[in-house]
Amino acid sequence: MDILFCSAPGTFSSRPTLAPAILKACASNAGFDAMAIDLNIEIRNQILKNPRKKLIREFFELQKIHEDIVDDIGDLLDYCADRIIRLNPRILGLSLLTQDSQFFTVWLCYHLKILNPNLKIVIGGSGIKNFIAESKLNFAELLQSKGYIDDYINGDGEYSIVEYLKNNLSHPGINSGNWEPIKDLNALHYPDFSDYNFSQYQEPGIPICDSRGCVRTCEFCDIIEHWKKYQYRTADNIFEEMQHQIKQHSITRFFFYNSLTNGNMKEFQKLLDLICDYNDKHPTAQISWDGYFIIRNKKQHPEEFWKKIKKSNGFLQLGIESVVEKVRVSLGKNFANEDIDYHLDMAKKYSVPLLLLLIVGYPTESRQDFEFTKQWFRDRHHYARNPINHVVFSLASILPNTKLERKQEEYGIVRGEIPTIWMTQTSDISTADRINYYYELNDLLTKLNMSSSNGGSSMDITAAELA
């Protein structure tokens, strides 16, 4: 085998990872013998069965090795190494979705190089940096300098990996901080999931990348710093991929792995029409989907539009960020609170499930805003479970290479060692105050039966699973 693509464990997602399947398709169509496996789900499922799973998760997320889990970590490393070596690839391509995969990747690569010094290892994905738009590549460069990996690929890897396999190491993005975004998403090969075992997943479904970048320019977000231009595939191209994957795997649930599903309203409306038509013709095996969704005004999302979302079996993840209108508008989300209420009403009327995304303790928020937010949710308790399935929130962070980082002086921000630790000189709200507010909001949403999920991902291990 020329190359084996693996997802690096550590994201704890209950859904399939996309990158290995995309990269396999690119390599295979270029004439190379490739395979793709989702090591992330295999390790996640093992961890969930372990009585020490909380300590093991701290290993991944906090880089802490408790003495009680030394043997457990060793077993996980042995499992991964054995899984890889048995397949006997010439090259191993490890995809790191987030920085939570970094610590395990260091140990795994070190272990593999001892077991098989001739195995060439190349890593890629947003997790080879601390943040998506982080300009520094210290992690990848460090592993390369120590001989734990041979190479790394930065940025979009669909074309870079093929050039790498051709030994063209001068291609942009290979062992370099400079890379070239994909110019036409419609020209990419469909991901190849033929090596995946979908019975392993708590949420079986097919991931689809329908867009990259975003139409908004929110000051806290580093996505727009990574992909400067918003790109959206045509509805026909997306729907053709859906039909292809349904034929291959008999799975009709799709996860849009993107920053924004409804960024191009013309193509999105057309895609909804195609899905609705398919569902009419296949009443016992209908397509369903979920994806990130921006709130617009009533004219742009009329009631007829909501009927289509319902008929297409959509699950919407709404990036509200703040229910305090002045805070939300100033950070880049230009819609009114009445627009939020309209979306809640329409989603409730047509039973469209929603996940709300919220940032807790933004630099421009006051104590009065904290109280306003809590009351806002109390006043909308009747939306619990229909349509609000979850509220996902995270502490406000000052991410590298974002507008918010560049506005530190304007906001009077004094940063700490990590993005969530900071304070503002213009406010008496401390880091401890924001953390206390975070927990207060969590408790309130739990009481309101809005099933709060902290950490920023609805796909993470749940509290029940960690108990």
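Every read-out reported here was derived from the displayed coordinates using simple, explicitly stated rules and does not represent laboratory data. These numbers come from a predicted model, not from an experiment. Using ideal geometry, Cβ is built from the backbone for each residue, glycine included, and neighbour counts are taken over all protein chains shown.
General remarks:
- Put simply, when 179-186, 227-234 are sorted by average Cβ atoms within 10 angstrom per residue, most first, you get 227-234, 179-186.
- Label zone at ASN401 (point 7 Å along Cα-to-Cβ), backbone N below 17 Å, the range 242-275: 259
- Within the range 179-198: backbone nitrogen closer than 17 Å to the ASP2 label point (7 Å, Cα to C-beta): 189-192
- Legend: residue pairs LYS229/LYS266; LYS270/LYS374; LYS129/LYS266; LYS64/LYS228, Cα-Cα distance threshold 28 Å; pairs beyond threshold, LYS270/LYS374; LYS129/LYS266; LYS64/LYS228.
- Trypsin sites (Lys or Arg not before Pro) within the range 1-107, DSSP loop, no more than 11 other Cβ atoms inside 10 Å: LYS49
- Evaluating 6.51 cos²θ - 1.76 cosθ + 1.60 at θ = phi - 60° for every residue in the range 273-287, the Karplus couplings come out as 4, 5, 5, 4, 5, 4, 5, 4, 8, 10, x, 9, 9, 7, 6 Hz, glycine and proline recorded as x.
- Ordering of 438-449, 304-315, 96-107 by packing [mean C-beta count within 10 Å, highest first]: 96-107, 304-315, 438-449
- Translational diffusion of the chain, estimated by Stokes-Einstein from the Kirkwood radius over alpha carbon pairs at 4 °C in a medium of 1.567 mPa s, is 55 µm² per second.
- Theoretical gain in end-to-end length, GLU58 to GLU410 [0.36 nm per residue, Cα-Cα removed]: 123.2 nm
- Mean Cα-pair separation over length for the range 1-127, i.e. relative contact order, pairs under 8 Å, 6 or more apart, %: 33
- Applying 0.36 nm per residue to the separation of ASN442 and TYR110 and subtracting their alpha-carbon distance, the gain on full extension is 115.5 nm.
- Amide H partners (placed H, <5 Å) of TRP422, local residues excluded: GLY416
- Amide H contacts under 5 Å for VAL360, placed H, 5+ residues apart: SER394, LEU395, ALA396
- The ILE418 and LYS310 beta-carbon pair, evaluated with R₀ = 25 Å, returns a calculated FRET efficiency of approximately 0.05.
- In the chain, helical runs assigned H by DSSP with n ≥ 4 each contribute -39500 (n - 2.57); averaged across all residues and rounded to the nearest 500, the mean residue ellipticity at 222 nm is -11500 deg cm²/dmol.
- ASN186-THR426 FRET efficiency (beta carbon distance; Förster radius 35 Å; 0.05 resolution): 0.15
- Per-peptide packing, taken as the mean over residues of other Cβ atoms within 10 Å, places 330-342, 357-369 in the sequence 357-369, 330-342 from highest down.
- Residues LYS326 and SER170, FRET efficiency given R0 of 56 Å [Cβ-Cβ distance, rounded to 0.05]: 0.65
- A full extension of the chain between ARG90 and SER250 corresponds to an added length of 54.4 nm, given 0.36 nm per residue minus the alpha carbon distance.
- When only Cα pairs below 8 angstrom with a gap of at least 6 residues are kept, the chain shows a relative contact order of 13 percent.
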